[in-house]
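Only one structure is covered here, and it is reproduced in the block below.
The values are calculated or read from the model by the stated rules, or taken from the named source; none is laboratory data. Please read all numbers here as calculations on a predicted model, not as lab measurements. Quick reminder, even Gly has a Cβ in these numbers, built from the backbone with ideal geometry, and neighbours come from all protein chains shown. Side chains included, ligands, DNA and RNA excluded: accessible areas come from the protein's heavy atoms. Shrake-Rupley method; radii C 1.70, N 1.55, O 1.52, S 1.80 Å.
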Amino acid sequence: MWKFIHRLASPKHFYRIAGKWIPWLMAAAVILIALGFYGGLVKAPADYQQGDSFRIIYLHVPAAWMSLFIYMVMATSAAIGLIWKIKLADLFATASAPIGASFTFLALVTGSIWGKPMWGTWWVWDARLTSELLLLFLYLGFMGLQAAIEDRRNAARAGAVLAIVGVVNIPIIHYSVEWWNTLHQGPTVTRMDKPAMHISMLIPLLQAAAGFQIYYFATVLMRVRSLVLQQERRSGWVRELLREEGVR
Amino acid sequence: MLNAFLTMLQRDLLLAYRHRSELANPLLFFVIVVTLFPLAIGPEPGILKNIAPGVIWVAALLASMLSLESVFRTDFNDGSLELMFLSPHPPSLLVLSKIIAHWLITAVPLMLMAPLLAVLLHLPTEGIGVLLLTLLLGTPVLSLVGAIGVALTVGLRRGGMLLALLVLPLYVPVLIFAAGAVRDAALGLPVIGPLAFLGAMLVLSLTLAPLATSAALRISLG
């Protein structure tokens, strides 16, 4: 087990293993998302209050979950890279940021589209919308900082410090914004007693969420692979690989 | 250790005193930004009274951020920052003393000017005391949190815009609680809750921010 993990941390083996995993992960993601969307958009009954327009939940909620989840993954791997100086962990953080920013953006856009029929407006200065917007700024700041520093090693370390500071701040930002103003409906799924959703609506949502998660892992592996190639372009194994592929 | 802290503080204050003309700049910026709002929105006292807490706080926040940008710049360029990291004293302590010196130089004059601006914006007198209290508790948080962003961008040639992108989202909680407290005070509501939150944020950032700042400076030094 440990030997496997150690080998995985070496760019060469990672490149090979990730290359094998990506097609499987992609296939699983497509199947799960298709199942979730079919169940949610076609089979699930319409909501008694919101009618059919609640169905955007199957896109909106998984995207919002992913936006937070990816930030945590990004900060954790950045911290691992900072502490144990594992190059691959730095690359994971760098590769996660644009994906996380996209999911955050998706959650904002779908939320806005959902808000129009429900609240009668595209945007309200509501707590959750605002904290999601601030999360987007945190992602963009991370990406901007990494892009501005030329030395790759320093860029990764500076980004790691910023991501860790962000993690400390996210709960503070979230609760302060919540205290400030709220209109958003409360959480429906993650309640301690019993989800407030019917099971026929909940299962597709969880399928879609799992699909999004696996999709994230597949895309992050793809991005990390190309970053590995870029970073190791002078090393022997990359040259050999290129020769095998017939690239000059 | 305390000795090093005080020496550093004294040095920074002395340096600031030698460049007296630069001291006025953040203050003038603060006053001018606040003056722009009545010109843009209109001179009606009713509206100005409502937006006064927010306007004063946003202006204070921008002034603090922009003046903070140069807090490590000269020491970074002439190499004294590297010497600080080579000294036997903990860098986070020296960083803290630099931040405190900066706060004394920029935020305290801001606090002296704020009541005058509050009067210009027709903020009710009940709000002015609370405004000063929020500035007293909130501006150190701004300096401490902002210092992390400055430390990350000090080595970059054009870090100014990036600094705003990094730091402003982190300033949001301070802004919410501080401006909210002033607004509540102007309406005669109790304000102890938001003030307690501001105090908590001050304690948290006072303990953690110097560590993060020195780590970030170490990275910027390479």
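The angle separating the long axis of helix A:152-180 from the principal Cα axis of greatest extent in chain A is about 10 degrees. Accessible area of A:TRP125 (1.4 Å probe, protein heavy atoms only, ligands and nucleic acids ignored): about 140 Å².
Peptide packing: for A:30-38, A:102-110, the average count of neighbouring Cβ atoms within 10 Å per residue gives the ranking A:102-110, A:30-38, highest mean first. For A:LYS12, the lysines whose Cα falls under 20 Å of its own Cα, not counting residues fewer than eight places away in the same chain, are A:LYS3, A:LYS20, A:LYS85, A:LYS87.
Residues of the stretch B:133-167 that lose at least 40 Å² of accessible area (1.4 Å probe, protein heavy atoms only) when the other protein chains are present, relative to their chain alone, are B:LEU152, B:LEU156, B:LEU162, B:LEU165, B:LEU166. Between B:VAL71, B:LEU168, B:VAL145, the Cα set farthest toward the positive side of the dipole of chain B (charges on each charged residue's Cβ, about the Cα centre) is that of B:VAL71. Separation of the stretch B:168-222 and the stretch A:146-176, taken as the distance between their Cα centroids, equals 18 angstrom.
With helices as the sole contributors, the protein assembly as shown gives -28500 deg cm²/dmol at 222 nm; each DSSP H run of n ≥ 4 counts as -39500 (n - 2.57), and the sum is divided by every residue. Shielding by partners for peptide B:212-218, expressed as the average number of C-beta atoms from other protein chains within 10 Å of each residue's C-beta, is 3. The peptide list B:58-64, B:46-52, B:154-160, A:203-209, put in order of mean Cβ contacts within 10 Å with the highest first, becomes B:58-64, A:203-209, B:46-52, B:154-160. Per the Debye formula on identical point scatterers at the alpha carbon atoms of the stretch A:40-125, with no solvent, log10 I(q)/I(0) at q = 0.21 Å⁻¹ is -0.92. Solvent exposure of the stretch B:171-222, expressed per residue, is 41 Å² of accessible area, with all protein chains present and a 1.4 angstrom probe. A:LEU241 contributes an accessible area of around 40 Å² to the protein surface, as traced by a 1.4 Å probe with all chains present.
Across the alpha-carbon atoms of the protein assembly as shown, the computed radius of gyration and Dmax are 25.3, 78 angstrom. Per-residue shielding of A:154-161, expressed as the average number of other chain Cβ atoms within 10 Å of the residue Cβ, stands at 5. Here chain B is assigned +1 on the Cβ of each Lys and Arg and -1 on the Cβ of each Asp and Glu. Its dipole about the Cα centre then comes out at about 240 debye. Shown for the stretch B:2-221: the carbon plus sulfur share of the solvent-accessible area, taken with all protein chains present and a 1.4 angstrom probe, equals 72%. Within the straight-line cut-off of under 26 Å between alpha carbons, the lysines reachable from A:LYS116 are A:LYS43, sequence neighbours fewer than 8 places apart in one chain being disregarded.
Figure note: B:MET201, A:MET74, B:MET113, B:MET1 ranked by solvent-accessible area, largest first, 1.4 Å probe, ligands and nucleic acids not counted: B:MET1, B:MET113, B:MET201, A:MET74. In chain A, the longest principal axis of the Cα atoms and the axis of helix A:87-119 are about 20 degrees apart. For the stretch B:2-221, the convex hull spanned by the alpha carbon atoms encloses 115 Å³ per residue.
The distance separating the Cα centre of the stretch A:197-223 from that of the stretch A:1-28 comes to 21 Å. Note on A:ILE83 and B:THR125: the model spin-label points, each 7 Å out from Cα along the C-beta direction, lie 5.6 nm apart. The Cα center of the stretch B:124-162 and the Cα center of the stretch B:74-109 differ in position by 16 Å. Between A and B, buried accessible area from a 1.4 angstrom probe totals roughly 2000 Å², ignoring ligands, DNA and RNA.
Averaging the sequence gap over all C-alpha pairs within less than 8 Å and six or more residues apart, then dividing by the number of residues, gives the stretch B:2-221 a relative contact order of 27 percent.
If I fit a long axis through the Cα atoms of helix B:2-18 and take the longest principal axis of the Cα atoms of chain B, what angle between them do I get, 0 to 90°, rounded to 10? It is inclined by approximately 70 degrees. Residues in chain A average 54 Å² of solvent-accessible surface per residue, probe 1.4 Å, ligands and nucleic acids excluded. Computed on chain A, with alpha-carbon pairs under 8 angstrom and 6+ residues apart, the relative contact order is 33 percent.
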